Amino acid sequence: MGDTVQILIAMIIYMAAVIILGATFAKRANANSDAYFLGGRSLGPWVTAMSAEASDMSGWLLMGLPGVAYWCGIADAAWTAIGLAVGTYVNWLIVSKRLRRYSVKAGNAITLPEYFSNRFQEKNKVIMTISALFILIFFTVYAASCLVTCGKLFSTLFGMPYIPMMIVGAVFVLIYTLIGGFLAESASDFMQAIVMIVALGVIVCVGTAAAGGLDAVIDNVDSIPGFLEFFGIATPETVDGVQQVASGQPVFGVEGSYSILSVVSTMAWGLGYFGVPQVLLRFMAIRNEKELTRSRRIATVWVVISLAIAVFIGVVGRALYPAALLTSSDAENIFILLATSLLPPLMAGFVMAGILAATISSSDSYLLIAASAFAKNIYQGLFRRKASDKEVLHISRITLFVIAIAAIVIALDENSVIFTIVSFAWAGFGATFGPLMLFSLFWKRTTRAGAIAGMLGGAGMVFVWNLLVRPLGGVWDIYELLPAFLFSALCIVTVSLLTPAPSDEIQKEFEEVKMGGMI
């Protein structure tokens with residue numbers, strides 16, 4: 001049996017298991033919109049933790065992060081990982097319990113836009129509309145990054161054209177999401193989190209052994225200027241984006257500097273956690289607030305181990321195959337190269353399922369949350385307030401198709417760098433919703449006008465900084481999430497202080513949640 005056929009068989013077995021899992025939950029998921037979009041708040045601590053992290057990390061963990069480490073060394077990848085690990089822990093520590101409690105108190109909200117709208121008791125649903133629209137925009141971009149991952153994976157493995165393979169991945173994810181809803185998504189994400197960390201562990205162990213051990217890996221890459229530096233960075237010598245090779249070895253320039261400003265900018269990735277719906281919804285969906293402490297520990301351990309291994313896989317890949325991947329986009333295939341080169345085909349197929357797992361676990365979350373934002377918050381919230389549950393579910397499925405098509409269009413460029421696409425969408429969510437989430441939970445004086453200003457200011461600054469300011473370089477070359485997050489917070493505080501204080505009813509509700517009055 002050919003190697004490619006064995007890999008395909010392993011991946012088909014995995015995909016069949018995912019579909020069966022989705023079908024298992026289909027009846028419960030389709031009972032009503034609450035069950036479909038939030039699982040009836042029935043998740044246990046393990047599923048809550050593992051599904052949150054699996055849906056968050058996506059194919060970026062197995063392809064994007066190792067690709068960055070392979071391309072320019074550990075600084076960018078490691079500081080990003082450290083920022084994400086810290087952000088994960090702090091988000092679970094300070095946000096999870098308060099949000100679980102407040103989302104129930106605020107009209108039993110089952111989506112993020114609904115929570116924000118109910119939190120400020122608005123009648124004309126401006127906050128709900130704005131937040132739902134931004135979720136649609138940024139999740140469409142996010143879903144596109146997942147489709148790029150699928151396209152690169154299938155194209156590399158089977159030697160097929162990128163675009164048809166990307167569309168095949170999109171169709172599979174869409175069918176799966178349509179079948180099962182939030183419960184199926186969360187259950188499969190739990191399974192996929194296990195597959196992802198096992199795949200990472202297998203590849204890092206096999207790769208390190210093939211390179212001759214840990215010392216040999218370090219020796220092989222230590223000659224590259226800046227590759228193993230936390231405050232320096234390797235600079236591949238490129239022509240038209242392609243790294244040059246001399247005597248079979250990749251050519252690097254002098255070590256680049258990695259300043260404290262760069263460290264702060266990169267670690268700002270951790271701020272994104274306060275605003276990403278796929279994680280925040282898990283806080284809202286757990287069956288008991290008290291179980292979130294265990295979930296926090298599980299999630300933090302999973303994230304730290306997974307991120308550390310992902311970064312090191314890039315280092316191992318550069319040691320073993322120094323001149324195999326010569327563009328920043330191709331560098332994201334290092335995990336695939338290691339698996340197919342070092343493992344028996346059938347086992348490589350199951351490890352490749354780790355990438356598919358990561359991609360599915362994220363893209364189904366993105367599609368479902370974006371569809372719920374439109375169907376529940378815009379269609380029912382604005383246009384047909386008396387729409388039945390059945391009608392809302394029908395509209396959500398139509399929305400899934402539309403978003404999937406838009407994501408396919410964005411993902412058509414096979415030279416897209418997954419890390420770059422994800423970083424923009426991550427900044428969008430972090431700056432649009434992160435400051436507002438924190439202020440809505442912890443500052444009683446936050447007003448509805450301040451909330452609107454914060455969302456618009458944060459989202460707007462992401463686009464302005466990314467497109468106009470950051471290209472200036474130098475001190476302006478800061479990840480857009482950091483300035484946009486700070487600007488959003490400034491807008492919330494300033495506008496809230498300039499507008500009348502919230503009503504007594506809103507402040508009373510805040511105090512009840514603060515004191516644990518709705519557990």
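In the chain, the longest principal axis of the Cα atoms and the axis of helix 418-442 are about 30 degrees apart. On the principal axes of its alpha-carbon atoms, segment 84-166 has extents of 54, 33, 17 Å, going from largest to smallest. For segment 70-183, the per residue solvent-accessible surface stands at 27 Å², with DNA, RNA and ligands left out and a 1.4 Å probe.
Apolar share of the accessible surface for segment 53-189: 72 percent from carbon plus sulfur atoms, 1.4 Å probe.
Of all lysines in the structure, those lying under 19 Å Cα to Cα from LYS97, and not within fewer than 8 positions of it along the same chain, are LYS105, LYS290, LYS444, LYS508, LYS514.
Dividing the convex hull volume of the alpha-carbon atoms in segment 72-122 by its residue count gives 93 Å³ per residue. Taking the three principal axes of the alpha carbon atoms in segment 310-444, the coordinate ranges are 60, 38, 26 Å, sorted in descending order.
Charge dipole (Cα centre; +1 on Lys/Arg Cβ, -1 on Asp/Glu Cβ; no other charges) of the chain amounts to roughly 2420 debye.
Using r as the Cβ-Cβ distance of LYS290 and ASP504, and R0 as 30 Å, what FRET efficiency do you calculate, to the nearest 0.05? E(calc), rounded to 0.05, equals 0.50. Quick one: pull the percent of accessible area on segment 312-455 belonging to carbon and sulfur, 1.4 Å probe, ligands and nucleic acids left out. Roughly 67 percent of what the probe reaches on segment 312-455 is carbon or sulfur. First check a/c for segment 413-468, with a ≥ b ≥ c the square roots of the eigenvalues of its C-alpha gyration tensor; if it is under 1.5, answer rounded, and if not, answer prolate when a/b is larger than b/c or oblate otherwise. Verdict is prolate for segment 413-468.
Judged by the ratio a/c of the largest to the smallest principal axis of the C-alpha gyration tensor, segment 231-353 counts as oblate, that ratio being 1.5 or greater while a/b is no larger than b/c. Taking the C-alpha atoms only, the angle from helix 96-105 to the longest principal axis of the chain is near 30 degrees. Let's test the formula: R0 of 25 Å, r as the Cβ-Cβ distance of LEU214 and ALA246. What FRET efficiency results, to the nearest 0.05? In this case the efficiency is close to 0.35.
Rounded to 0.05, the FRET efficiency of the ILE175 and THR4 pair, given R0 = 25 Å and the Cβ-Cβ distance, is 0.55. Across segment 152-252, the convex hull enclosing all Cα atoms gives 192 Å³ per residue. Give me the angle, in degrees from 0 to 90, between the Cα long axis of helix 74-94 and the longest principal axis of the Cα atoms of the chain, rounded to the nearest 10. Here the helix axis deviates by roughly 30 degrees. Positive-end ranking of TYR273, ILE408, THR420 along the dipole of the chain, with charges on Cβ about the Cα centre, is headed by TYR273. Dividing the alpha-carbon radius of gyration of the chain by the rule-of-thumb value 2.2 N^0.38 Å gives 0.95. Straight Cα distances below 19 angstrom link LYS123 to the aspartates and glutamates GLU114, ASP504, GLU505, GLU509, with same-chain residues fewer than 8 positions distant left out. Using only alpha carbons, segment 162-321 has a radius of gyration to Kirkwood radius ratio (Rg to Rh) of 1.04.
Within a Cβ distance under 9 Å of PRO250, other residues only, what is the Lys/Arg minus Asp/Glu net charge? Neighbour charge sum, excluding PRO250 itself: 0.
Accessible area per residue for segment 457-519, computed on protein heavy atoms with a 1.4 Å probe, is 56 Å². The distance linking segment 461-519 with segment 380-420 is 27 Å (Cα centroid to Cα centroid, whole angstrom).
Just so you know, the Cα atoms of segment 289-346 work out to an Rg and Dmax of 16.3, 51 Å. Distance between the pseudo-spin-label points of LEU467 and PHE442 (7 Å out from Cα toward the beta carbon): 3.2 nm. Under a Cβ-Cβ cut-off of 12 Å, what is the net charge of the residues other than SER396 that fall near it, where Lys and Arg count +1 and Asp and Glu count -1? Taking every Cβ under 12 Å from that of SER396, the sum is +1.
The values are calculated or read from the model by the stated rules, or taken from the named source; none is laboratory data. On a predicted model such as this, the values are computed, not experimentally measured, just so you know. Heads up, the Cβs are rebuilt from the backbone with ideal geometry, glycines too, and the neighbour counts pull from every protein chain shown. What goes into the accessible areas is simple: the full protein's heavy atoms, side chains included, and nothing from ligands, DNA or RNA. Shrake-Rupley method; radii C 1.70, N 1.55, O 1.52, S 1.80 Å.
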